[in-house]
Structure formats: C-alpha cells, structure tokens
Amino acid sequence: MDLSQTRFIGIDLGGTRGSFTCAILDENRRIQFRGEVTQDEWLAKLDACPIAIAAITSPINLNEGVMADESKRSLLRVPPLSKKYTSMRQCEYELLMRGFSTTRMPNTYESCSPALKRALRFTSNLAAQGFQRWPAPGAERQLMETHPDAAFAQLLGAKLNPVKLLEGRIQRQLLLQEEHLNVRDPMIFFEEVTRHKMLTGQMPEGILISPVELNALIAAYTAWSAYTKPVGVARLGEANEGHIILPSPTRRQ
C-alpha cells in the first residue's frame with residue numbers, strides 16, 4: 001500500500017463528555033491533528049484517511065482465560081505462582097511484570113466497569129467502520145492496543161515519572177521530539193518561568209502537551225512503528241487473546 005496515503009491514528013478515550021482524544025500522524029510522523037473530537041468529527045477525519053492504522057490506549061477484547069490455563073502459564077518467561085493472576089489477560093500480566101499498573105479485563109461484558117464497557121463499544125464501532133485487528137496484511141483500516149506508559153518507557157529504556165507530574169509530561173514530550181514528531185521543545189517552558197510568574201501562579205501555557213494528548217500521540221507513534229517496522233515492536237500477550245503493542249525506538253539507531 002502507498003505509505004504516502006497512510007495515516008497513523010492514536011486514540012485515547014479521555015476527553016469531555018461526548019468526545020474523545022485522537023492524534024493523527026502522516027508517513028513522516030508529522031502531526032496532522034491532535035485534540036478532542038466528537039463522533040461526527042471523528043467520522044469526517046476518518047473519511048479523509050485513505051488508509052488508517054490506529055492504536056488505542058484502552059482494552060479491545062475480553063479476557064479469554066489464557067492465564068487460567070496451567071499449561072500456558074508454565075510457558076511464560078516469568079511463570080506466576082499457582083492460582084495467582086488467573087483472572088487477567090496475559091498481556092496485562094506481562095505489563096505487571098514490567099512494573100506497570102494495568103486494567104484487569106473480565107471475561108464477560110456484563111462484568112466490565114462502565115469505562116471498560118465504553119471501550120468495548122468503541123472498539124465494536126471501529127470494527128463496524130472497517131477496522132481489522134493488526135496485523136491484517138492488505139487491510140486499509142487496522143487497529144491495535146497499546147499502553148501509553150509502557151510505550152513511553154520502551155522508548156526511554158526506563159520507567160518515567162507519572163504523567164500527572166510536570167517532570168513526567170516534559171519527559172514524554174522530549175521523547176516524542178526525539179522520535180521526530182513535530183512537538184514544541186518542552187525545555188522552552190523553563191525559559192518562560194520567572195520569579196514573578198512562579199509567585200503569582202502564572203505558569204507558561206501552550207508549551208506542554210496535556211496528558212491525554214500525550215497518550216494519543218504515543219499511540220499514533222506506536223501505530224506508525226508497528227506498520228513501518230513490525231519486526232522491532234514488542235508484542236505482549238497471546239495472539240488469540242490479543243496483544244498489547246509497544247513501539248520500536250529509533251532515537252538511538
């Protein structure tokens with residue numbers, strides 16, 4: 001497929017009521033859009049993408065019982081203790097082993113929290129819009145699941161500060177910049193901070209990207225990485241139950 005016609009979309013369901021957040025990159029990782037969209041705005045943007053490869057920061061499938069199967073548990077790189085971690089997806093267990101907190105996806109829709117039900121409904125809508133589970137060779141719309149904190153850590157090679165902290169936001173924005181996304185240099189933030197502004201609480205605005213948009217951007221970058229460098233990405237979990245995809249870093253290459 002023509003890479004110049006391909007757009008890489010990151011989706012985070014955080015946003016104001018009735019909307020969600022997405023980011024769209026072109027084949028060169030240039031940001032075409034980032035921000036909140038309504039459902040109608042989303043459909044219009046999707047129609048403008050001849051080929052759409054998307055990554056979402058929410059679970060896209062139920063727990064299929066892999067971690068309850070002793071024969072499969074024994075094959076894991078770090079096998080869990082007997083009868084522990086049986087009620088989660090394998091990809092979630094592997095995230096825990098990397099030191100990340102994660103959602104524990106139930107095995108039925110009825111057992112899901114309202115947030116997880118929304119995520120599954122959203123994924124179902126994407127399937128109705130033609131999205132197939134990545135990798136789907138030849139498909140013009142593909143979808144994968146990622147985990148934003150683990151994806152950023154994959155790029156850095158270490159865990160980051162929490163995204164709610166100033167340091168965490170700056171770290172993540174620096175990583176996106178080093179991966180050649182056209183974001184503002186977050187270090188400018190410190191040039192704008194003066195004694196007076198600090199005392200009066202007038203912190204610089206418009207320099208640092210919000211946490212939810214950072215999540216959408218790393219998801220879009222993950223989609224780009226998986227599509228253009230599939231051998232280099234990390235795939236957590238089991239294929240039939242669903243992978244969590246983490247990007248391949250390029251800044252040290």
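Readers should treat all values here as calculations from the given coordinates under stated rules, not as data from a laboratory. Only a predicted model underlies this, so the values are computations on that prediction, with no experimental measurement involved. Don't worry about glycine lacking a Cβ; one is built from the backbone with ideal geometry, like all the others, and counts go over all protein chains shown.
What to note about this one:
- Reachable lysines, given that their alpha-carbon falls under 28 Å from the alpha-carbon of LYS197 and they are not under 8 places away in the same chain: LYS164
- Bridging of LYS45 to lysines at a Cα separation below 26 Å is possible for LYS117, LYS229, once same-chain residues fewer than 8 apart are set aside.
- Remark: relative contact order (the stretch 156-220) = 31 percent; criterion is Cα-Cα distance under 8 angstrom and separation of 6 or more residues.
- Mean separation of Cα contacts under 8 Å, 6 or more apart, over the residue count of the chain: relative contact order %: 26
- The ranking of SER113, SER71 from fewest to most other beta carbons within 10 Å of each one's beta carbon is SER71, SER113.
- If the segment from GLU191 to SER74 were pulled out straight at 0.36 nm per residue, it would be longer than the present Cα-Cα gap by 36.8 nm.
- Centroid-to-centroid, using Cα positions, the stretch 25-52 and the stretch 204-253 are 16 Å apart.
- Here's the list of aspartates and glutamates a cross-link from LYS84 could span, going by alpha-carbon distance under 12 Å and ignoring same-chain residues fewer than 8 apart: ASP69, GLU70.
- Normalised contact order of the stretch 12-148, rounded percent, pairs of Cα under 8 Å and 6 or more residues apart: 25
- Order by protection proxy (mean Cβ within 10 Å, highest first), peptides 165-176, 143-154, 216-227: 216-227, 143-154, 165-176
- ARG121-VAL231 pseudo-label distance in nm [points 7 Å out on the Cα-to-Cβ vector]: 4.3
- Here is the list for the stretch 1-76: trypsin sites (Lys or Arg not before Pro) lying in DSSP coil, each with at most 12 other C-beta atoms within 10 angstrom of its C-beta, are ARG17, ARG30.
- Spacing of the two label points (7 Å from each Cα toward its C-beta) at GLU41 and LYS83, in nm: 5.1
- Remark: the MET97-SER4 segment gains 29.7 nm on full extension, using 0.36 nm per residue and subtracting the alpha carbon distance.
- Nearest-20 debye value, the stretch 68-164 charge dipole, Cβ charges on Lys, Arg, Asp, Glu: 220
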